[in-house]
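Below: one structure, written as structure tokens.
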Amino acid sequence: MSAVNDTKFQPAVFLLTGISGLEDFHVWISIPFFLMYVTSILGNSLILFIIKKDPNLHEPMYIFLSMLAITDIGITICTMPTTLGIFWFNSREISHDACFAQLSFILSFSFTESSLLSFMAFDRFVAICNPLRYASILTPPRIAKMGLVSLLRGVGLIFPLPIFLKQYRYCHANVLSHSYCLHQEVMMLACSDIRFNIVYGFFVTVSSAGLDLLFILLSYVMILKTVLSIASHAERLKALNTCVSHICVVLLFYVPGIGLSIIYRFVKTSSPLVQNVLGNVYLLIPPLMNPIVYSVKTKPIRVRIIRVFVK
């Protein structure tokens, strides 16, 4: 009988807060958010346009970069419209199905990007540690398969989570402290047994992002070992310089993500504002900064961007 009553009073929608505690300033806050949204879309689209148009950039490193740009566009599109809808129109309601779909896209794109970053580390490892076999190892068909594996792994690992979320009852609070749906927060609103999502979510994080990060670290250990064996100081700097962009992008992606995961899992007394700010940094800053980092630190990209604007 209690289960029937719980279902009867189950909220029909979730309510998104926006930025908790700063609701009166949402209109003003929307200005930098909108600028970040437009800059992310234009910046990543420009990277894709330049790589597509220039045959000299049809190399493994830039093909992986184009995949990263597509993933960043996907993350931006599935989060920012909801955020701007709250800031501009106070459109806070989101149905359960829409919320589950949004968090599925966010997680899928995030884990896909994690895979791509590990493959980009492998690309730098082969280019520096085994340059004579670079073209024979990273062939176009193999790169295509790596990109497909990244996508399928991101979607496949996340697929069970929204299915179980849909089966849970949400008979208590229905307010989310973010401007979009996050898996960690949605499952905490359920009044059912959520152990599967907790355990499986932790397993996915460790087996996917954790292994990717470990692989990246091992790749750079091998790269550093090879670089230090080079006699010429100038050649060492040149080799390391090709890795700077990727290292910056890895830090931009993993540091906020690890921080957000730690706060939700282990820091129970953190304020909603801290969680909200870190959540926005995790999803908004990498798509914004990745094209900027590669434009500044990668000479072929930088030169071609200048040519586009000069023309």
- [ ] Within the stretch 279-311, work out how many residues are surrounded by 19 or more Cβ atoms within 10 Å (Cβ to Cβ) and either touching a Pro at 6+ places or on another chain (Cβ under 7 Å) or without any contact (Cβ under 8 Å) to a residue 24 or more places away in the chain (or both).
- [x] 1
- [ ] Among residues belonging to the stretch 226-245 that are crowded, with 17+ Cβ neighbours inside 10 Å and in contact with a Phe, Trp or Tyr (Cβ under 9 Å, 6 or more places away or on another chain), point out the one that is farthest from Ile75 (Cα to Cα).
- [x] Cys243
Task: Residue selected from the stretch 10-31 under the condition exposed (fewer than 15 other Cβ atoms within 10 Å of the Cβ) and part of a strand (DSSP E or B), by the criterion farthest from the chain's Cα centre (by Cα) - done: Val13
Task: Residue check for Val204: surrounded by 15 or more Cβ atoms within 10 Å (Cβ to Cβ), more than 15 Å from Leu116 (Cα to Cα) and within 25 Å of the chain's Cα centre (by Cα) - done: yes
Task: Any chance Gly43 is at pLDDT below 90 and either more than 18 Å from Tyr180 (Cα to Cα) or outside any helix (DSSP H, G or I) (or both) - done: no
TODO: Please give the number of the condition Ser219 fails out of (1) farther than 30 Å from Lys52 by Cα; (2) touching a helix residue (DSSP H, G or I) at 6+ places or on another chain (Cβ under 7 Å); (3) crowded, with 18+ Cβ neighbours inside 10 Å.
DONE: (1)
TODO: Consider Thr83 carefully, then state whether it is of a type in the set (Val, Ile, Thr) and free of Cβ contacts under 8 Å to residues at least 60 places away in the same chain.
DONE: no
Task: Which numbered condition Arg169 misses (of (1) assigned to a helix (DSSP H, G or I); (2) over 22 Å from Pro256 (Cα atoms)) - done: (1)
Task: Which listed residue, of Phe64, Phe122, Phe111, Phe34, is surrounded by fewer than 21 Cβ atoms within 10 Å (Cβ to Cβ), at pLDDT 90 or above and either within 24 Å of Tyr220 (Cβ to Cβ) or under 13 Å from the mean Cα position of the chain (by Cα) (or both) - done: Phe122
Task: Unmet requirement for His246, which otherwise passes all of (1) modelled with pLDDT under 90; (2) in contact with a Lys or Arg (Cβ under 9 Å, 6 or more places away or on another chain); (3) not acidic (Asp, Glu) - done: (1)
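The values are calculated or read from the model by the stated rules, or taken from the named source; none is laboratory data. Small disclaimer: the values here were computed from a predicted structure and weren't measured. Glycine also receives a Cβ, built like all others from the backbone with ideal geometry; neighbour counts cover every protein chain displayed.
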